[in-house]
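**Student:** Here it is, the structure in full.
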Amino acid sequence: MKKVASLALLTTTLAFAQAGIMGGSEGLHQINAKTLGQWQVNFGTGGNISFGSWGLSRGGVYEMNGKKYSFNDVDYSQAGNFFVSVGVLDFIDIGASLPVYYEHANSNGPSGAANMWTTSRGDLDLFAKVGLPFASDSSGFFKTALMLDLYIPTGEISAGVRPRHTWYLNGNGYTHPFTADDFVFGAGLAFSFDFTKVGAPITWNLAASYVYPINNDQTNTLVYSTGINWLALPWMTPFLEFSAEMRLQSVGRYKFDPMVDPMLITPGFRFHLPYNIEFAIGLEVAVRLFKTGFDHDEDVKGGEDHTIYYVGEHGERVSYGYASAPLLSGAALLSIALDAKRTPKDTDGDGVPDGDDKCARTARGLEVDADGCPVEDAIAIARERALADSLARVDSDKDGIVDLKDKCPNTPAGIAVDSLGCMLDFDKDGVGDAQDKCPNTPVGITVDASGCPLDFDKDGVPDFLDKCPNTPAGVEVDSLGCLLDTDKDGIADFKDKCPGTPAGYSVDSLGCLPDFDKDGVPDVIDQCPNTLPGVRVDEKGCPLNKKEDLDQFKKGIQFKTGSAKLTTSSYSTLKDIAELMKKIPEANLEVQGHTDNKGSDKKNQKLSENRAKAVVTYLKKRGVEKDRLRAVGYGSSKPIADNDTKAGRAENRRVELVPFTK
């Protein structure tokens, strides 16, 4: 068999019904609900190319007459088409797409003799798109269209390797990779959302079609796609698409399995070139890649339940794992749009189309009326011209510019004007130089009646430079018009009660460092952050009297192993805590129980709660009011040390004493 080198095909892949391959106006694989418009024509070509044997069969292997063979690693596969579509009405497009395929299926076996290494055509797709105005948003934000396809079996049988559509799979016979070998119908809907109508440079398209083969041995299929487009530049649009085919039923040897069918993620760019030329490129990534990676055994395993049975043109019988799509493909699209509308004929060149011209043979150069006939009152025309000549010499405001050319006919006397009769305006701000108090305003800046840049908040910084245009009146600002914040803590100087805060520290709404226990030592340097109210502390924030230090007290609270029962040695510590609480009646105390991670979460949570309650119960017995106490258990959820070491677990089994306010 004759081997044919690769065709130089451009762009997309998979089902041609899946999108832009037929000249869609966005992305590669997405269909939108837009129609071309009457007598608008779009034509071009598109295709994809993938390298590697795995784009032909699962793991790049096949079996013939009981012997196993493998395709070469440098083999490649292409799919492309030539398309044309025409707008027969503003809301109806019709068109055709003829696919062309190439398999460079060279192997260590007889793939050439079986017509697997070949170039051939596919099934001709005749399609139509019908806009549905009753289902669309009148503002243009949302549009809907009906899509219809008829696939005519023009493809070559017994040719190729990878089936180009899922409905080509024959569940009870032999699969022809390049054709369904029968008529196939498709119908679906497309939905488009144009977010530019609400101020966002984004469009989003959704489409789905139901494909019905006449042959009952082939499966009904859902073809679907979605794509989002970012209108970044007038000449270039980045896009991201998802497109797929999914068999909707089990037929013969092929079971329903959506994860085996083709699914593609395609990022890319579409370029809008001069002369209505569109060019798009993208990288197609098969979802199959995320499941099997580049693992040969996993890839072959993924196709075990979907074996292709193929018969070559000379009767060779071949079987191999179904590769629904190449792992990676390069894709592109090239299309050209033309306007085929007729220009109304105007035989005598008088500006009135022949269909409306009641005097279609008027001599060249004669003035005509709306019906295309010569104007017959020459005297009236002469009078009008004389009046025009007279008006051409009138200069009402005596500025040297006649009224017919004077764009500012009431200029005050003695003011210098430009060639249009308007007062000179050096900085082009709309205020004449004679009244302009700020004659050097930058171009494009809005000014007030005196020609000075607007300053809405009256802070001395004009609005076009003011990064903070709503500054309160009377507050000092910097050169950008923003409130001064000398210590850069996020609190403006006029509100900052602590203006010298060190850089990098979080502050409260007054600009001061947080002080949880209100002992006058900020939390960032407070080594005893849970000091009770009124207790005198040192420069580190720790109580001067150790009998008032909760961090010291908590070390003396111990429990029997695995129990909420306090040890005898803990009672003296708890008595001291009770006395301190009675000494400071405004103090409230939360007892927090913590455990290590040994045992179940449920058990640890219960143990931590019971230990906290045991401490609270004892303190109440020692005379501390119950509304000043509360117990909380955290189980093992808040470790302070490594639970993988014995010492760390010992630190995590603890009781914390934390003041709180009601």
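The values are calculated or read from the model by the stated rules, or taken from the named source; none is laboratory data. All of these numbers come straight from a predicted model, not from anything done at the bench. Cβ atoms come from the backbone with ideal geometry, glycine included; neighbour counts cover every protein chain shown.
**Student:** Name the pairs: first residue in the stretch 190-204 and assigned by TED's automatic domain parsing to the domain that holds Trp230 and charged (D, E, K, R), second residue surrounded by 14 or more Cβ atoms within 10 Å (Cβ to Cβ) and outside any helix (DSSP H, G or I), Cβ to Cβ under 6 Å, at least 6 apart or on different chains?
**Tutor:** Asp194/Phe141; Asp194/Thr203; Lys197/Phe141
**Student:** Is there a residue being outside any loop (DSSP other than H, G, I, E, B), loosely packed, with under 13 Cβ neighbours inside 10 Å and not basic (Lys, Arg) anywhere in the stretch 300-318?
**Tutor:** no
Let's see how each residue does on (1) closer than 18 Å to Gly55 by Cα; (2) touching a residue at least 12 places away in the same chain (Cβ under 8 Å); (3) among the hydroxyl-bearing types (Ser, Thr, Tyr); (4) surrounded by fewer than 24 Cβ atoms within 10 Å (Cβ to Cβ):
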site: Ser120; (1), (2), (3), (4): yes, yes, yes, yes
site: Leu150; (1), (2), (3), (4): no, yes, no, yes
site: Leu169; (1), (2), (3), (4): yes, yes, no, no
site: Gly173; (1), (2), (3), (4): no, yes, no, yes
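**Student:** Enumerate the pairs (first residue in the stretch 64-89 and free of Cβ contacts under 8 Å to residues at least 12 places away in the same chain; second residue anywhere and part of a strand (DSSP E or B) and crowded, with 16+ Cβ neighbours inside 10 Å) with beta-carbon separation below 8 Å, excluding pairs fewer than 6 apart on the same chain, so at least 6 apart or on different chains.
**Tutor:** Lys68/Val61; Lys68/Tyr62
**Student:** Checking the structure you have, find out if any residue of the stretch 335-355 is closer than 30 Å to Asp181 by Cβ and modelled with pLDDT of 75 or more.
**Tutor:** Yes: the stretch 335-355 contains one or more residues that are closer than 30 Å to Asp181 by Cβ and modelled with pLDDT of 75 or more.
**Student:** Could you tell me which residue of the stretch 289-316 is farthest from Gly160 (Cα to Cα), considering only residues that are touching a residue at least 40 places away in the same chain (Cβ under 8 Å) and among the hydroxyl-bearing types (Ser, Thr, Tyr)?
**Tutor:** Thr307
**Student:** Report yes if Ser77 is of a type in the set (Ser, Thr, Tyr) and more than 19 Å from Phe178 (Cβ to Cβ), otherwise no.
**Tutor:** no
**Student:** Just one of Ile308, Ile277 is under 26 Å from Val211 (Cβ atoms) and assigned by TED's automatic domain parsing to the domain that holds Ser53; which is it?
**Tutor:** On inspection, the qualifying residue turns out to be Ile308.
**Student:** Can you find, within the stretch 580-591, the residue that is nearest to Arg653 (Cα to Cα) among those that are surrounded by 21 or more Cβ atoms within 10 Å (Cβ to Cβ) and touching a strand residue (DSSP E or B) at 6+ places or on another chain (Cβ under 7 Å)?
**Tutor:** It comes out as Val591.
**Student:** Please specify each residue of the stretch 552-578 satisfying the condition of being under 21 Å from Phe660 (Cα atoms) and touching a residue at least 40 places away in the same chain (Cβ under 8 Å).
**Tutor:** Answer for the stretch 552-578, where residues must be under 21 Å from Phe660 (Cα atoms) and touching a residue at least 40 places away in the same chain (Cβ under 8 Å): Phe553, Lys554, Ile557, Leu574, Lys575, Ile577, Ala578.
**Student:** Further question on the same structure: Could you check the stretch 334-349 and list, in sequence order, the residues that are surrounded by 16 or more Cβ atoms within 10 Å (Cβ to Cβ) and out of contact with any Lys or Arg (no Cβ under 8 Å at 6 or more places or on another chain)?
**Tutor:** Result: Leu334, Ser335, Ala337, Asp346.
**Student:** In the stretch 240-257, what residues are under 29 Å from the mean Cα position of the chain (by Cα) and under 17 Å from Asn172 (Cβ atoms)?
**Tutor:** Arg247
**Student:** Within the stretch 404-430, track down each residue that is surrounded by 16 or more Cβ atoms within 10 Å (Cβ to Cβ), of a type in the set (A, V, I, L, M) and at pLDDT 70 or above.
**Tutor:** Within the stretch 404-430, just Ile415 meets the criteria.
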